[in-house]
Structures are given as C-alpha cells and as structure tokens.
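Working notes, structure below.
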Amino acid sequence: MLTLTALVAFTSTTFAIPLSALNPRQPAPSTYSWSVINWSAGCARAGCYYDFNITGPCTSNIPSFSAYCSGNDVGYYVACSINDDGPDTRGVAASLLPREQNTEGGARISVSFRYSEVDVPSTYYNYSGSAVSSFNQFVAPLQNFTITPTEVFGVA
Ligand SMILES: *[C@@H]1O[C@H](CO)[C@@H](O)[C@H](O)[C@H]1NC(C)=O
Ligand SMILES: *[C@@H]1O[C@H](CO)[C@@H](O)[C@H](O)[C@H]1NC(C)=O
Ligand SMILES: *[C@@H]1O[C@H](CO)[C@@H](O)[C@H](O)[C@H]1NC(C)=O
Ligand SMILES: *[C@@H]1O[C@H](CO)[C@@H](O)[C@H](O)[C@H]1NC(C)=O
C-alpha cells in the first residue's frame with residue numbers, strides 16, 4: 001500500500017496557502033468552509049463545555065456532512081454524532097481548548113472531519129481547522145460562524 005502523508009499545517013501567524021493546495025488528491029474550493037450553527041458554550045466550576053451543530057458542503061471530491069457536537073474542554077478530540085443519513089465512512093470530532101491553556105480569551109474550538117473514499121475504504125483524509133468563538137451561554141443568543149480547515153493529512 002502506498003502511504004501518502006500530506007501534512008500541511010500553518011497558522012495565521014505564519015503564511016496562508018490556498019485550500020486547493022491542502023490536498024492535491026482531494027482539492028477543496030477556495031471558498032470551502034464548515035458552518036457551525038447554534039453554538040452554545042459556557043463554563044462551570046468543573047470546566048467549560050460546548051454544544052453545536054456543524055455542516056460541511058459537498059464538493060466534487062469531499063462529501064458533505066451534518067453533525068451534532070457536544071462535550072467538555074478535555075483537550076483532545078471527542079467524536080460528534082453525524083445526523084444525516086450519508087455514508088458511515090465519515091467521522092466528525094471536536095475539541096475545546098481547556099480553560100487553563102486558554103491565553104486568548106474566547107472559546108477556541110477545533111473540528112476535524114475524516115472520510116474515506118467510498119470505493120477505496122483503505123484510504124482516508126482528515127481535515128481540521130479551528131475558530132475562536134465565545135462563552136455565550138446565558139449571556140448571548142446561540143451563534144453561527146464558520147470554520148475553515150487549515151490542515152489535512154491522508155493515507156491513500
Ligand atoms: C437552530 O436553532 C433554532 C432555534 O432554536 C432552530 O429553530 C433551528 O432548527 C436550529 N438549527 C440547527 C441546524 O440546529
Ligand atoms: C442540531 O440539529 C438537530 C437535527 O437537525 C436538531 O434536532 C437539534 O435540535 C440541533 N441542535 C441545536 C443545538 O440546535
Ligand atoms: C483526525 O486526526 C486527529 C489526529 O490524529 C484525531 O485526533 C481525530 O480524532 C481525527 N478525526 C476524526 C474525525 O477521526
Ligand atoms: C443560524 O443558522 C440557522 C440555520 O441556518 C438559522 O436558523 C438561525 O437563525 C441562525 N442564527 C443566527 C443567530 O443567525
């Protein structure tokens with residue numbers, strides 16, 4: 001098996017590359033992003049927590065998804081539940097930056113979307129990106145925003 005590991009990582013403080021260059025085998029349009037809908041997050045003595053829906057559009061190469069994510073600021077990715085009836089070759093996971101590591105204020109949420117090519121189950125691609133939202137629970141309405149993936153790795 002050919003193992004292609006295309007790891008392209010950058011942050012806004014380094015440089016930007018076109019989304020289409022993230023993964024030449026499965027290029028994403030430059031406008032590709034995910035929509036977070038009905039974001040809610042808050043903190044209690046035990047830690048902070050999040051709750052939201054997220055959708056990703058279908059492109060010529062990347063399948064769409066709709067998922068519900070909720071969890072605590074454990075510091076690692078926790079699976080979201082897919083709430084569409086598309087193929088089960090897709091997975092979505094989210095991670096809220098723990099409060100004690102949070103130096104930027106706000107709520108930094110990272111999301112990853114992993115899928116296999118339906119006809120080649122041994123392959124997979126894992127896209128991830130993050131955004132800073134807020135701890136709006138009880139103080140502000142549910143929020144919508146987008147997350148643009150900035151990293152991808154794959155095994156083909
Ligand atoms: C978002 O929340 C609104 C108001 O509660 C609800 O009507 C709508 O169905 C929700 N949409 C999604 C995609 O979660
Ligand atoms: C997320 O979407 C599901 C399915 O559309 C809906 O039942 C649920 O209420 C939504 N959750 C939020 C937080 O809006
Ligand atoms: C994507 O890869 C990261 C790093 O290995 C992993 O933590 C995450 O769970 C993966 N995402 C999915 C949806 O499997
Ligand atoms: C967020 O998006 C959902 C679905 O498109 C919509 O029902 C809701 O009104 C939006 N909420 C805000 C605050 O714009």
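Selection over the stretch 134-147 of residues that are under 16 Å from Ser64 (Cα atoms) and open to solvent by 60 Å² or more (accessible area, probe 1.4 Å) gives a count of 1. For the stretch 115-156, filtering for residues that are of a type in the set (A, V, I, L, M, F, W, C), under 22 Å from Asn53 (Cβ atoms) and outside any loop (DSSP other than H, G, I, E, B) leaves 4.
Has the stretch 91-107 got any residue that is open to solvent by 20 Å² or more (accessible area, probe 1.4 Å), in contact with a Pro (Cβ under 9 Å, 6 or more places away or on another chain) and more than 16 Å from ligand 1 (Cβ to nearest atom)? No; the residues of the stretch 91-107 include none that is open to solvent by 20 Å² or more (accessible area, probe 1.4 Å), in contact with a Pro (Cβ under 9 Å, 6 or more places away or on another chain) and more than 16 Å from ligand 1 (Cβ to nearest atom). With (1) open to solvent by 40 Å² or more (accessible area, probe 1.4 Å); (2) in a strand (DSSP E or B) as the list, and Ser112 as the residue in question, which single condition is left unmet? Here Ser112 clears every test but (1). Of all residues in the stretch 69-90, exactly one satisfies the criterion of being within 16 Å of ligand 4 (Cβ to nearest atom) and buried (at least 16 other Cβ atoms within 10 Å of the Cβ), namely Cys69. Of the residues making up the stretch 117-133, those that are more than 16 Å from ligand 3 (Cβ to nearest atom) and open to solvent by 40 Å² or more (accessible area, probe 1.4 Å) are Val118, Asp119, Val120, Val132.
The values are calculated or read from the model by the stated rules, or taken from the named source; none is laboratory data. Please read these numbers as outputs of a predicted model, since none were measured by experiment. As a convention, Cβ positions derive from the backbone with ideal geometry for all residues, glycine included, and neighbour counts pool all protein chains shown. We work out accessible area using only protein heavy atoms, side chains counted, and drop any ligands, DNA or RNA first. Shrake-Rupley method; radii C 1.70, N 1.55, O 1.52, S 1.80 Å.
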